[in-house]
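Notes for the one structure printed next.
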Amino acid sequence: MAPILMSGNEAIARGAWEAGVAVGVGYPGTPSTEVLENLVGYESVLCEWAPNEKVAAEVAGGVSFGGRRALVTMKHVGLNVAADPLFTQAYTGVTGGLVYLVADDPGMHSSQNEQDTRNLAAAAHVPVFEPSDSQEALEFMREAFTVSERFDVPVIVRMTTRVSHAKSLVDVGERSEVPPVPYAKNTQKYVMMPGMARLRRVDLDARLATLTEYARECPANRVEMRDPSLGIVTSGISYQYVREALPEASILKLGFTHPLSDDLILDFTSRVERVAVAEELGPYLSLRLQVLGVEQVETGLPAIGELSPVTIGRAFGSVVPPVRATIPDLPPRPPLLCPGCPHRGVFHALGKMHAVVTGDIGCYTLAALAPLKAMDSCVCMGASIGMSHGAALAGVDSGPVVAVIGDSTFAHSGMTGLLHMAYSRSAGTVVVLDNRTTAMTGHQGNPVSGVAIGGGAAPAVDLEALARALGAGAVRTVDPHDLAATLEVLKEEAAADHLSVVIAKAPCALITRDHKDPYAVDEEACTKCGACVRLGCPAISRDENGRAVIDTSLCVGCAQCVQVCRFDAIVQVGPSCDFGGAS
Amino acid sequence: MSVTTVVLAGVGGQGTILAGDVLAKVAVAEGHDVKLSEVHGMAQRGGSVDTVVRFGETVHSPVVDPGVADHLIAFELIEAARSLRFLRPGGRLVVNRRLVAPLPVLIGDLPEPGDLEPALAAEGAIFLDAEALACEAGSPRSANIVLLGAASYGLPFAAETWRRIIAERVPPKTVEGNLRAFQLGSEACAEGVCEL
Ligand SMILES: Cc1ncc(C[n+]2csc(CCOP(=O)(O)OP(=O)(O)O)c2C)c(N)n1
């Protein structure tokens, strides 16, 4: 079969399938999401979106405990959520192979922070593979399952954005069917109370020692001897950059980066005159070299953000390619809420109320930007709720404190925060933005939307009943496209002396088929007041005279702008044959 | 140089990802090693998006550095100007004459950028109106394929390969319109060979 062009994530899915994986489970998060979205397309694998990474890791742990191979997927911050099961799964070990696919995001293309999963893996004492292209993603995935079972330990395959999303050619193989291991009760291995855990802790060290032996011979690690005057120790995408920037350099290419084989490193460094490390984030590899007393060339490579061939070349004195003069004063193009986005109506109301908005993570975080500027904090998934309670405890009173959280995020880690508010007699207000999907990461189903991973129907939780059961004193559902009603309900509930949950329910503009005819501005009636422009809808702009204009090819007829216009200047028109963006 | 680098620069939603995918598959079909890189996620919500396709005998890095690209195919004027830094001196520059104002401009926080065409023309830009040509092809949503046609003139691939891959990659009902769009794009830009 001819090689196929595959993204790293597609190759990971393929590799897991070839390895005979029985179950894939995860929570979406860029750049990891497409792994499960691809795996679900293969036969003989059950896939599920879990409400969060901890649940996903526990489900995968259960599959392994039950004797089958399991893959669990997440982005780097997801591993923080799943760290609790992982750290103890390292003790119990596995029955069926258990592999974590964790995708880091150096440069924060789509993340709230930068983390190096290798550090968390080292802290958890679990092995790590690091592919540098799609072919390795497939091969390392297969090897990861073998290693998991051979050494009785969960294994992490660490990707980064460039490896996950870059496409390269892959030779694929066939699926190996792996027979299930029959269940056998083993409390010494699986019941981690102190007496047993102490023994497993010692055993874990023994397993790590044998893994260090394995690292010496692991096919994922290799020495490429070229010019011995410079030797580079590298891993992941940095390897590709080194190959391009320094084609003559000798390389220790590490595809298995925890535990490291000191012998392998010292053997390589003794064969070259000067040694340098090229790695993104870190310092991880370079710290180990330091511990081993290996003198390293001071490269000045940054530990923040991404590397590239030119950054690496420059660090070693290569000529930087000449660049053209830049064209000055270009306006930035920040991402934005789509035309017809239901979130806009809620933030419009919160802005009017001068609310202190503790926000959360999702498309709606974009409401922090101009012109809405209606969000005061965003930390991690679920934080909006605890933050609002804490801000109230601190006595913040410059406006009503309101927590705003998406439906998927509420299911991920908002429910426990709400329970805490009820338990602590909070009279706060929590808005759940129920747009019927997990929009930010590409419209995955979730337990609120009632859509399963393949797009089929799944049971949907009754959000109102859930909020009441968690202890909300009032639960009200509004249509966020109805600006007056939304504002009224939010004002009432913010003023009320009970804990309130307001559910703003309307489907994401990108998933609904229910688009109406577009609107246009009546030039005569427009007074240039700018009220509609301040909604921040990409379909609305000002013409050279300051009048509002609506791009009818973008407008989906949500009519929020009609409601803010006090001059009846926005009128519905028929569909136009204007140019739309191609897709 | 044994590796050729093409950057497709546009705005989320303009179809740069599909165009990059077609280009990468064409290069594979013609026997090259290929790497393609794009960024998903947040940026797709109407932000700037660059898709990079690199092909040659052996390609290591999937990303592009400033001054490295041989071809810049810009789907929009501001993104053309922004991504110009990637294009090496002597590289081929194709620019769609479409302006998509970013939100800070739409809401009046920032002024409209001045007329960018003269500055781009000074950099050797070959201009076309991809949306108008797409309409002429009877396929208004195929501006991205028009732009691929414009790119194709400067690239060493057979027309037959382009046509086959496009036909495989677009929805069946739109094949004819897209092939016409590709043709119009390549005719509109039959100039400007990338200097090696
Ligand atoms: C722990 C963790 N897991 C995953 C993500 C990635 N992520 C960011 S936003 C988001 C989903 C948001 O969905 P929702 O709350 O429904 O809001 P919407 O985007 O639909 O407005 C996800 C999965 C993350 N930032 N942190």
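The values are calculated or read from the model by the stated rules, or taken from the named source; none is laboratory data. Since the model is a prediction, treat every value here as computed from it, not as a measurement. Counting neighbours? That spans all protein chains shown, and the Cβs are built from the backbone with ideal geometry, glycine included. Side chains are part of the model used for accessible areas, which takes the heavy atoms of the whole protein and leaves out ligands, DNA and RNA. Shrake-Rupley method; radii C 1.70, N 1.55, O 1.52, S 1.80 Å.
What the table below lists for this structure:
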read-out	value
Only listed residue being in contact (Cβ under 8 Å) with a residue 24 or more places away in the chain and either hydrophobic (A, V, I, L, M, F, W, C) or not in a strand (DSSP E or B) (or both), chosen from B:V52, B:V105	B:V52
Sole exception among (1) more than 9 Å from chain A (Cβ to nearest Cβ); (2) in a helix (DSSP H, G or I) for B:C135, by number	(1)
Output for region A:413-433, where each listed residue is open to solvent by less than 10 Å² (accessible area, probe 1.4 Å) and either in a helix (DSSP H, G or I) or near the ligand (Cβ under 8 Å from one of its atoms) (or both)	A:L418, A:M421, A:L433
Pair list, Cβ under 8 Å, 6 or more apart: region A:246-263 residue at negative phi and among the acidic types (D, E), other residue open to solvent by 10 Å² or more (accessible area, probe 1.4 Å) and in a strand (DSSP E or B)	A:E248/A:D227; A:E248/A:L230
Residues satisfying the stated conditions in region A:299-319, i.e. surrounded by fewer than 13 Cβ atoms within 10 Å (Cβ to Cβ) and at pLDDT below 95	A:G317, A:V319
Residues within region B:55-68 that are buried (at least 21 other Cβ atoms within 10 Å of the Cβ) and at the interface with chain A (Cβ under 7 Å from one of its Cβ atoms), tallied	6
Residue within region A:98-106 that is open to solvent by less than 20 Å² (accessible area, probe 1.4 Å), under 30 Å from A:I304 (Cα atoms), within 12 Å of the ligand (Cβ to nearest atom) and in a strand (DSSP E or B) present	yes
B:P111 vs. criteria facing another protein chain (nearest Cβ under 9 Å) and part of a strand (DSSP E or B)	no
Residue in region A:435-473 that is farthest from the ligand (Cβ to nearest atom), counting only those that are more than 14 Å from every other protein chain (Cβ to nearest Cβ) and part of a strand (DSSP E or B)	A:A457
Region A:393-412: number of residues that are of a type in the set (D, E, K, R) and away from the ligand (no atom under 16 Å from the Cβ)	1
Test: residue in region B:69-78 that is over 16 Å from the mean Cα position of the chain (by Cα) and in contact (Cβ under 8 Å) with a residue 24 or more places away in the chain	no
Region A:19-60, subset among the small types (G, A, S) and within 14 Å of chain B (Cβ to nearest Cβ), residue farthest from the ligand (Cβ to nearest atom)	A:S32
Flag for A:G78 being touching a residue at least 40 places away in the same chain (Cβ under 8 Å), among the small types (G, A, S) and over 25 Å from B:L36 (Cβ atoms)	yes
Checking A:A137 against (1) hydrophobic (A, V, I, L, M, F, W, C); (2) in a helix (DSSP H, G or I); (3) away from chain B (no Cβ under 14 Å); (4) crowded, with 20+ Cβ neighbours inside 10 Å, the condition it does not meet	(3)
Some residue of region B:69-78 being more than 10 Å from chain A (Cβ to nearest Cβ), assigned to a strand (DSSP E or B), closer than 29 Å to A:L510 by Cα and of a type in the set (A, V, I, L, M)	yes
Verdict on B:A19 being closer than 21 Å to A:V323 by Cβ, surrounded by 24 or more Cβ atoms within 10 Å (Cβ to Cβ) and of a type in the set (G, A, S)	no
Filter result (touching a Lys or Arg at 6+ places or on another chain (Cβ under 9 Å) and within 16 Å of the ligand (Cβ to nearest atom)) within region A:348-362	A:H348
Test: residue in region A:176-187 that is part of a helix (DSSP H, G or I) and not assigned by TED's automatic domain parsing to the domain that holds A:L289	yes
Output for region A:236-288, where each listed residue is outside any helix (DSSP H, G or I), within 14 Å of chain B (Cβ to nearest Cβ) and touching a strand residue (DSSP E or B) at 6+ places or on another chain (Cβ under 8 Å)	A:L246, A:E248, A:A249, A:I251, A:K253, A:A278, A:E280
Within region A:363-382, tally of residues that are within 12 Å of the ligand (Cβ to nearest atom) and open to solvent by less than 20 Å² (accessible area, probe 1.4 Å)	5
Residues of region A:78-97 classified as within 16 Å of the ligand (Cβ to nearest atom) and either among the β-branched types (V, I, T) or assigned to a loop (DSSP other than H, G, I, E, B) (or both), total	1
Verdict on B:G149 being more than 11 Å from chain A (Cβ to nearest Cβ) and open to solvent by less than 10 Å² (accessible area, probe 1.4 Å)	yes
Of all residues in region B:28-51 being more than 9 Å from every other protein chain (Cβ to nearest Cβ) and modelled with pLDDT of 95 or more, the one that is farthest from the chain's Cα centre (by Cα)	B:G31
Total residues in region A:462-476, condition open to solvent by 60 Å² or more (accessible area, probe 1.4 Å) and under 29 Å from the mean Cα position of the chain (by Cα)	2
Filter result for the condition that a residue is aliphatic (A, V, I, L, M), buried (at least 18 other Cβ atoms within 10 Å of the Cβ) and either over 33 Å from the mean Cα position of the chain (by Cα) or part of a loop (DSSP other than H, G, I, E, B) (or both), over A:L487, A:L554	A:L554
Within region A:337-347, tally of residues that are away from chain B (no Cβ under 14 Å) and either under 19 Å from A:N113 (Cβ atoms) or near the ligand (Cβ under 10 Å from one of its atoms) (or both)	1
Selected residue [polar (S, T, N, Q), in contact (Cβ under 8 Å) with a residue 60 or more places away in the chain, open to solvent by less than 10 Å² (accessible area, probe 1.4 Å) and within 14 Å of another protein chain (Cβ to nearest Cβ)] from A:S132, A:S111	A:S132
Test: residue in region A:64-76 that is in a strand (DSSP E or B), small (G, A, S) and within 16 Å of the ligand (Cβ to nearest atom)	no
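So that you can scan it fast, the table gives a plain yes or no per residue for (1) open to solvent by less than 60 Å² (accessible area, probe 1.4 Å); (2) more than 30 Å from A:S7 (Cβ to Cβ); (3) among the basic types (K, R):
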residue	(1), (2), (3)
A:Y183	no, yes, no
A:P219	no, no, no
A:G231	yes, yes, no
A:R243	yes, no, yes
